[in-house]
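Report on the structure given below.
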Amino acid sequence: MYDLIIIGSGPAGLSAAVYGKRAGLNLLVIEKNGMSGGQVLNTYEVDNYLGLPGINGFDMGMQFRAHADKLQAEFRDEAVMRIENEEGKKKVVTEQNTYETKTVLIATGASHAKLNVPGEEELAGMGVSYCATCDGAFFRNRTVAVVGGGDVAAEDAIFLARGCEKVYLVHRRDELRAANILQKNLMELSNVEILWNHVVTSIEGDGQTEKMIIRSTKDESVQEKEIDGIFIAVGIHPNTAFVEGLLEMDEKGYIKAGEDGKTSVDGIFAAGDVRTKKLRQIITAVSDGANAVTSVQEYLLSK
């Protein structure tokens, strides 16, 4: 019987593992991907984490994991299928085993929707990004593209326009879905060009993003645009399918939980990108992990 099982070992899960071990909890971390770090592993460089400017994303993930390993946190590489809530305990069921625990922390993060076009995977972290606020500063005075038509895409284009020489916004339709105020602000920017009725068909470059190939959705004509970076903002999906029906979620599938990590089920907590929150960044995920462990301790003491 564990005191705590942490599902996921991105920044939130690893932070929770460190705080949990320091608190003397008997805990287990379960990670399905076989490597800790979460989305940060796909980030070429992280420049906004306090005290570690310019650190390579992969190196950051490895340092986070090394800290948990130093405290002798137990890890298992398994995919969690479901959580069973029973009186006095929880059961975490994986493809291989069933584990019993007093509390569970869900830190499975969220996944960015992808274009699934040639070059996207190969150039990820080398000009292909899914987070303008994370990586935008690396493209100051350069030419970039944003793909999407919703609030996030409009916000990303506005944010990037402040520092980039040129911003293309590629949208498959002839009108945006973004809020009117965002559209108004976007249209006022002289260095933003909206490529209406176009889709990206490939991203090309030799070790670094150099251009995108786009196709018209009206006449099927094809053209290429030279770019230094491309920001894909076509949606994000929380990794919560395995707890559907168990926990209260919002309309997008994020687990409803505040900064204390408490969910609608007693003894089950959520931290990081998987929970309802405004800002999803590495530093807020790390903070969530610490806060959630504090709630776990309070819960255990109350029983």
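The values are calculated or read from the model by the stated rules, or taken from the named source; none is laboratory data. None of these values were measured; they are calculated from a predicted model. Cβ: placed from backbone, ideal geometry, glycine included. Neighbour counts: every protein chain shown.
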query: Quick check: is even one residue across the stretch 86-99 closer than 26 Å to N48 by Cβ and hydroxyl-bearing (S, T, Y)?
result: no
- request: Any chance you could count how many residues in the stretch 6-28 are out of contact with any Asp or Glu (no Cβ under 7 Å at 6 or more places or on another chain) and under 12 Å from R65 (Cα atoms)?
  value: 8
- prompt: Mind checking which residues of the stretch 12-41 are touching a Ser or Thr at 6+ places or on another chain (Cβ under 9 Å) and not in a loop (DSSP other than H, G, I, E, B)?
  reply: A12, G13, L14, S15, A17, Y19, L27, L28, V29, I30, G38, Q39
Count of the stretch 136-161 residues which are more than 18 Å from the chain's Cα centre (by Cα), surrounded by 24 or more Cβ atoms within 10 Å (Cβ to Cβ) and part of a helix (DSSP H, G or I): 3
task: Under 7 Å between Cβ atoms, at least 6 apart or on separate chains: pull out the pairs that start in the stretch 140-161 with a residue that is at negative phi and in the same structural domain as R177 (by TED's automatic domain parsing) and end on any residue that is assigned to a loop (DSSP other than H, G, I, E, B) and acidic (D, E).
output: R142/E165; R142/D228; T143/E165; T143/D228; V144/D228
statement: Counted residues in the stretch 121-135 being among the charged types (D, E, K, R) and surrounded by fewer than 22 Cβ atoms within 10 Å (Cβ to Cβ) come to 2
